[in-house]
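Written below as structure tokens is the structure these notes are about.
Only the coordinates and a few stated rules stand behind these numbers; no lab work does. This one's a predicted model, so the numbers in the text were calculated from it and none came from an experiment. For neighbour counting, all protein chains shown are included, and Cβ atoms are generated from backbone atoms with ideal geometry for every residue, glycine included.
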Amino acid sequence: MVDRLTMHRTTLIESLGAYLPAREVRTDDLVRDCVFDLTFPLERMSGIISRHVAGDMEYSIDLAERAITRCLERSKYRPGDVELLIVTSVSRSDGPGLWISHEPSTALRLRRRLGFERAIVFDMASACSGMFAGLVVADALIRRGVIRCGLVASGEYISHLGVTAQKEIAELLDPRLACLTLGDAGAAVMLEATDVPDQGFDALGLTTYGAYARYCMAGPTPEPHGGSIMLTDALNLTDAATRNGAAHALGTLEAAGWSAESFQHLIMHQTSRTAMTSAMREINRLVGGQVCHPGNTIDNLARCGNTASTTHFVALADSLETGRIQTGDRVIFAISGSGLTVGTALSTFDDLPDRFAALPHLAARSDRDTGTAEASSARPSTPLVRIDAVGTAPSPAAGLGETFELLRRATTDCLTRSSIERSDIALLIYAGVYRTRFLSEPAIAALLAGEMDFNATLSEADPRQTLAVDISNGAVGFLNACHVATEMIRAGRVSTAMVMTSEVENNAERFPGETLGIAETGSAIILTRDAGSSAGFGPFYFRAFTEHAGAFASHCANRDGAVYLAVTRDPNLERCYLAASVTAVTDFLEQEGIELSRIARILPPQISPGFITAFGAALGVPLGRLVDVTSERGDLLTSSIPFAFRAIREQGLVAHGDIGLIVSVGSGVQVGCALYYF
């Protein structure tokens, strides 16, 4: 993964918000209330005395909302100025009991709650490194000039895993033990561009070593009492994170021209004091000196615990509030999360520490210019990024789909059809919604990177690396992922990316009468850029119709001792999708100044033959210009684009110079559009 951009423009943290619930629970109390007589000295080994726990009716989305609100209070930007919202919560626990939200995305629901009317929104998952994965994307879009500012947020309601662990821990070094270190929090970061030298991020990069992906996994417990659980091989995970993270940090410092002694503060992932001490020791060993020590290493574990993806920014907010970090200070963020994703960010702070400490918070707005608001259609030059290859998995018998088998088949088929080597895939994105066993951690992409060896381990002989992340936004998520991959390639961060997806019927086995009616299949595409190529993606467009946010929603829950997918669906859902799609397409083509008659082929949402027929009629387009690959498969959901694109190629439906229009529609209601030049 490329850690630095060659452009003059950099990005900085314009504002920051963190939220900790009022209630605190002590580690000793958690240990004492375990069913098993646990004698492990957790408080001493972890350094965690207590952690904050969400209040009644306070869930992941609420924690994120409170953090965003605090971030906006200190920001010059209003909700209507924000052009990007990425939510990176690991948990997505948004209701009582086992309630893990799937659709609509958390970002879409926060868009509606907080009035981010101009923002492109989607969820991104990279376990505890998730907020930095979001910052990497926002950073690339800002430096490219695609957006002016972007917001990355997370809400982690994860303390309930400790409650489940109290029932299940059965031995001294039980893999559920780490659940007792978790605390709840929210964090939000506003990112913007700066041309001021020696301010902002001088380096910001992540890489995934998927060989270690199974060292920490989370999802619903199989036990009849229900709830969520996390299984952690703590010793091996700490060892892998320490070795690979320290090497990444030193490589980043060298590439950025920072000496090993040139920083004032080090903020690591706040997991346990034992892990942080090991990381400091390894860095010091590699540099041959005591550059990391308690005096410059920020540690807020004692009263916060491990707050997953929010830990760095909860620690940063605390250090800003206490005045520990000052204007002009250099900070190293040492990043790690299950997957295993490690990374490093190097930041020199502008006057954020002064503004953060100022009271009242709103006073910070009065003398800071936001500039003229740019229209959402404003874009920089757009080098074309083309689809090099498409792979699909044959649909299994109904109800027999398995996420990783579908992904293995699709990605293998895709690689077979491409001349690009597996190790050249620098960005691997999974864009599906429904996965086997409702896994929530690590990223599905990280697990597949490990299984199929997408640069799954650090190699001194081969410098190629892969960042593996998940993007989720209902059926529109695949186009969001294509947009992210395209802009990352255009920005020079990566040269080649793969976007993959699969969908399964979670209720097929235990509740066969309550399935979604989606196609259980998988697909993948490889994206790359060739110098001088005239083929590839042109502009992208996303629009939300949040007045229909409740038209479709899904979450997992416990029922009759099993995990099932609960769904609410408006009987007029397809009518909502149709009206929104037609409106969005009309606005998009008008914005781009392209007549519908110039579009050779339309790749519509592959929901059903009836939907495609109605869509063509509503646009006034002959059915023959619309690609229909639905047949007997059912709704292709996130695989709509790959299957339609493959049909175009295999059936010779376009000629050189033709323009295609890609349309996606999904829960929210959201519509995504893109032009593709053949």
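When DSSP beta bridges are restricted to pairs lying wholly in the range 10-364, around 75% turn out antiparallel. Stokes-Einstein diffusion of the range 450-592 at 25 °C, 0.890 mPa s viscosity, Kirkwood radius from Cα pairs, rounded to a whole number: 130 µm²/s.
Which percentage, to the nearest 5, of the DSSP beta bridges contained in the chain is antiparallel?
The antiparallel fraction comes to roughly 75 percent.
Mean projection of the Cα convex hull over all viewing directions, computed for the range 202-352: 9.7 nm².
Whole-Hz Karplus values for the range 84-90 come out as 8, 10, 10, 10, 10, 4, 6 Hz, taken residue by residue from phi with 6.51 cos²θ - 1.76 cosθ + 1.60 and θ = phi - 60°; glycine and proline positions read x. Relative contact order for the chain: 16 percent, from Cα pairs under 8 Å spaced at least 6 residues apart, divided by residue count.
Ranked by the mean number of other Cβ atoms within 10 Å of their residues, highest first, the peptides 386-392, 494-500 fall in the order 494-500, 386-392. For the range 10-364, the gyration tensor built on C-alpha atoms gives an oblate shape. Its axis ratio a/c (a ≥ b ≥ c) is at least 1.5, and a/b is not larger than b/c. Quick one: Debye curve from the alpha-carbon atoms of the range 164-271 only, equal weights, vacuum; give me log10 I(q)/I(0) at q = 0.13, 0.21, 0.23 Å⁻¹ to two decimals. Taking Cα atoms of the range 164-271 as identical point scatterers yields -0.73, -1.24, -1.35. Between amide H atoms placed 1.01 Å from N, distances below 5 Å from Val494 occur with Ile489, all of them 5 or more places distant or on a separate chain.
By the helix-only formula, in which each DSSP H run with n ≥ 4 contributes -39500 (n - 2.57) and the sum is divided by residues, the chain has a 222 nm mean residue ellipticity of -9000 deg cm²/dmol. All distinct Cα pairs of the range 548-623 go into the 1/r average, and the inverse of that average, the Kirkwood radius, is 14.8 Å.
For Asn506, no residue whose modelled amide H falls within less than 5 Å of its own remains once neighbours fewer than 5 places apart on the same chain are excluded. Counting neighbouring Cβ atoms within 10 Å and putting the fewest first, the residues Val82, Val567 line up as Val567, Val82.
Among beta bridges identified by DSSP and lying wholly in the range 386-677, the antiparallel ones come to about 70 percent. Say a paramagnetic label sat at a point 7 Å from the Cα of Thr436, along Cα to Cβ; which residues of the range 116-136 have their backbone N under 19 Å from it? Those under the cut-off are none; the list is empty. Note that the range 539-550 has calculated 3J(HN,Hα) couplings of x, 10, 8, 10, 9, 10, 10, 6, 5, 10, 4, x Hz, one per residue in order, obtained from phi through the Karplus relation 6.51 cos²θ - 1.76 cosθ + 1.60 (θ = phi - 60°); glycine and proline are x. Listed values for the range 174-181 are Karplus-derived 3J(HN,Hα) couplings in whole Hz (6.51 cos²θ - 1.76 cosθ + 1.60, θ = phi - 60°), namely 5, x, 8, 4, 4, 4, 7, 9, and x replaces Gly and Pro. Averaging the sequence gap over all C-alpha pairs within less than 8 Å and six or more residues apart, then dividing by the number of residues, gives the range 382-509 a relative contact order of 36 percent. PRE reach from Leu235 (point 7 Å along Cα→Cβ): which of the range 15-46 fall under 18 Å by backbone N? Backbone N within reach: 39-42, 45-46. Among rounded, prolate and oblate, which fits the range 386-677 when a ≥ b ≥ c are the square roots of the eigenvalues of its C-alpha gyration tensor, a/c under 1.5 means rounded, and a/b larger than b/c means prolate? Oblate shape, in that a/c is at least 1.5 and b/c is the bigger or equal ratio. Ellipsoid fit via the Cα gyration tensor, the range 509-639: semi-axes of 32, 19, 16 Å, each the root of five times an eigenvalue, largest first.
For the range 531-645, the relative contact order comes to 18 percent (Cα pairs under 8 Å, sequence separation of at least 6). Near Arg464, no amide H atom lies under 5 Å from its own; only residues 5 or more places off or on other chains count, and H is placed 1.01 Å from N. Its Cα gyration tensor gives the range 110-178 an equivalent ellipsoid; the semi-axes, largest first and in whole Å, are 36, 15, 6.
In the range 563-678, the inverse of the mean reciprocal separation of distinct Cα atoms equals 14.7 Å; this is its Kirkwood hydrodynamic radius.
Sort the chain into rounded, prolate or oblate with this rule: let a ≥ b ≥ c be the square roots of the eigenvalues of the Cα gyration tensor; rounded if a/c is under 1.5, and if a/c is not under 1.5, prolate when a/b is larger than b/c, oblate otherwise.
Working: a/c = 1.57, a/b = 1.31, b/c = 1.20.
Prolate, since a/c reaches 1.5 and a/b exceeds b/c.
Would you calculate the volume per residue, in Å³, of the smallest convex hull containing every Cα atom of the range 1-100?
Enclosed volume per residue, from the Cα hull, is 207 Å³.
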